[in-house]
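Accompanying notes for the structure given below.
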């Protein structure tokens with residue numbers, strides 16, 4: 001009989017729990033809070049059968065658009081044919097973790113706000129824009145000696161030492 | 001010694017997954033804990049309080065706890081070893097003492113949250129099932145009972161503590177099925193029997209029985225009661241006074257003695273590498289001296 005294409009087909013390894021990570025789910029999964037607009041990663045927890053997303057969404061990142069009692073509504077992109085559609089799914093919190101994709105951005109915003117406030121207090125104009133790395137600066141090479149390499153005339157007797 | 005095949009190979013240990021630490025210690029039931037802590041996501045950071053009651057051999061702990069990722073936070077706590085301040089010297093782990101501890105905790109929490117005027121609870125303990133009515137300004141303080149790992153049989157002391165907290169004015173969802181005095185066949189709570197247990201009536205009855213039938217056993221079993229001068233008939237009065245004292249001033253009393261400057265060490269201090277090496281040399285020297293080995297051997301070992 002041919003292989004089926006059910007909802008959880010080909011997920012034997014994908015939804016499997018990790019090595020030595022089976023059993024009780026740690027409590028911080030249930031204690032996290034999510035607000036609308038947060039970025040979250042979807043990572044299916046095979047131990048919890050309810051509220052599982054389809055295997056396509058495993059490993060995707062999206063924004064929260066809805067918060068219910070035990071689940072989160074996540075909106076993410078999916079390529080369907082020749083276009084990309086925004087898809088909205090509901091997932092239980094066990095299959096969701098907060099994404100660190102914009103963690104660097106949030107830190108930078110905080111730092112820039114602080115810098116701008118300091119500069120305003122001092123009356124200095126600063127630019128908080130990130131600059132790309134330019135070409136590396138030039139440098140002097142230290143601790144070198146000069147060795148001149150010149151060709152030497154071919155010496156038949158010495159070069160045929162081994163295989164003559 | 002018979003030759004025994006090694007049961008646990010290296011691969012056994014490599015593949016072994018340990019349970020959570022508190023499960024290994026046998027202290028936390030994670031199945032229950034997950035369900036107690038799980039807060040609706042659309043309530044965001046609203047804390048979900050649980051009323052934790054634990055019994056040790058000589059003490060009762062009653063706490064109101066909320067959970068965070070960093071760790072659980074205790075809002076208020078009450079212990080049975082505080083009851084001597086309120087006039088109860090003996091019998092600190094029985095049903096009546098559990099009731100007192102629960103009552104003390106409830107009044108403490110409500111006082112902390114400035115809700116104690118509004119929610120007096122059930123002042124006269126009658127043993128009947130009592131649930132808090134919502135007041136005018138604020139809704140009653142809600143907590144969920146966390147029994148831990150005990151077997152929830154009818155008449156267990158945790159339900160005595162539960163009744164104390166309920167009469168104190170907390171809103172704890174419950175059923176009267178497990179209170180002492182619930183009749184399984186009639187499926188109803190006999191309030192008089194429950195009231196007896198709350199005022200230590202069961203202890204008084206046993207005291208009277210022993211005094212008549214087995215005086216020597218009475219002397220050994222209730223020696224603390226005799227020393228404190230507690231009579232079986234006066235038990236109810238004592239508990240009534242304790243309840244009144246608790247309602248009058250539930251705030252915790254700070255102890256007078258200050259912390260010792262240097263804390264007593266309960267485990268061995270970890271030795272440094274040099275200290276361990278030195279100890280080994282000393283041990284070897286002692287062994288060699290005892291065995292009476294020749295000087296060559298002991299020189300090699302000292303190296």
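Tabulated results
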{"read-out": "Residue check, residue A:97 under 23 Å from residue B:38 (Cβ atoms), more than 14 Å from chain B (Cβ to nearest Cβ) and in contact (Cβ under 8 Å) with a residue 24 or more places away in the chain", "value": "no"}
{"read-out": "Any hit, the range A:20-31, residues being within 30 Å of residue B:11 (Cα to Cα) and under 21 Å from the mean Cα position of the chain (by Cα)", "value": "no"}
{"read-out": "Odd one out for residue A:88, checked against (1) surrounded by 11 or more Cβ atoms within 10 Å (Cβ to Cβ); (2) closer than 20 Å to residue B:38 by Cα", "value": "(2)"}
{"read-out": "Residues (under 25 Å from residue B:71 (Cβ atoms) and surrounded by fewer than 13 Cβ atoms within 10 Å (Cβ to Cβ)) located in the range A:27-46", "value": "A:28, A:35"}
{"read-out": "Selection from the range B:30-46 of residues that are farther than 22 Å from residue B:147 by Cα and more than 8 Å from chain A (Cβ to nearest Cβ)", "value": "B:43, B:46"}
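A short reminder: the numbers here are calculations on the coordinates, not readings from a lab. Predicted model, so just to flag it, every value in this text is computed and none were measured. When we count neighbours, we look across all protein chains shown, and the Cβ atoms used for this are built from the backbone with ideal geometry, even at glycine.
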